[in-house]
Structures are given as C-alpha cells and as structure tokens.
1. I'd like the trypsin sites (Lys or Arg not before Pro) in the stretch 41-97 restricted to DSSP loop residues with at most 14 other Cβ atoms within 10 Å, sorted by number.
2. Can you list residues whose amide H is under 5 Å from Tyr36's amide H, if they're 5+ apart or on another chain and H is modeled 1.01 Å from N?
3. Pull up all non-local amide H partners of Phe65: gap of 5 or more, or a different chain, and H-to-H distance under 5 Å with H placed in the peptide plane.
4. In terms of modelled amide H atoms, which long-range or inter-chain residues lie less than 5 Å from the amide H of Ser44?
Amino acid sequence: MKVAIYTRVSGKSNRQDAANQSLQLVEYCERQGWEYVEYTDRMSGTRADRAEFQRMFEDARLKHFDLVLFWALDRFSREGTLRTLEYLQRLDFFGVAWKSFTEQYLDSTGMFRDAVIAILATIAKQGACAAVRARCCWTATGKARRQDPGSQAHHPGP
C-alpha cells in the first residue's frame, strides 16, 4: 500500500515543528510495510489554499496513493464541519482511504465515521475561533494602551 502522510503546523514560527508529527507517522508506515510520500504545510488549517494540501488532493485524484494518513483531524483541516467532510468525501470519491493516527476511530472504514467527524470538525473550528478571538482581544488591549499609556486597559469579557 502507498500512503500520503499529511502534516501541518500553524504559521512559520519555530514554536511548532511538523517533524514531531512526521516521525511517528513515518514509523507507523514502516511498521506496516507501507510505502509513503510526505506532504507538509506551515500555515493555518482554516485556509484551503495550503500548497501541499492542494498538491495532495491532485495526487489523490491521479491515484498516486491509496491512503491519506494525518496526525489528527485538526492537523488535516480546521475549516469547519462542512468543508472537512467535503475533503474526506472527495478522498472517498477518488477511491483513497483516510485515517487519523491519534484518533483511531477516524478511519474511512469505520462504521460511525461521519458522525464522529462532524463532532470533531466542529470542535476544531471552535478552537480556531477561540484563538482568533484571543488574538483580537490582546490586539485591542495593546492598541488601547498605546493610545492612552496611563490607562488601565482591561481584557474584555466574553
């Protein structure tokens, strides 16, 4: 079997390293005796224009591999329930299976896959929204302090 390993970290900072995901995914493939090719993006999973993500889908369409293996659903996509399900269904349409390494119940051969994926994709989307809200709050707080350095800028409530 030939496998596409997909790894992703958000942004280009040195705080995250896709190699942490890749190492275990490669070891897993080697234990199974599978051939593999790697696709790695360093940008937010809330965007569809990830270069390696798009290249992986083109290669899936061309049947260059049989399975897409990703670390976790939030590493695959954080675009929300509908978009994430559309990606997985597109892989199904291409005849390519998919599997999450850390969420073993997320496997395209699993009986309850659609229900579990919908729940996890929603959670992933909420996590991305919370991160954006936190950044916006801190940006607004910093802006208030710059405008009036003597004021006590407070973190806005929910």
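Values in this text are rule-based calculations from the coordinates and carry no lab data. What you see is a predicted model; the values in this text were computed from it and never measured. Positions of Cβ are generated from backbone atoms using ideal geometry, with glycine treated the same way; all protein chains shown enter the neighbour counts.
1. Arg47, Lys63
2. For Tyr36, the qualifying residues are Val3.
3. none
4. For Ser44, the qualifying residues are Gly11.
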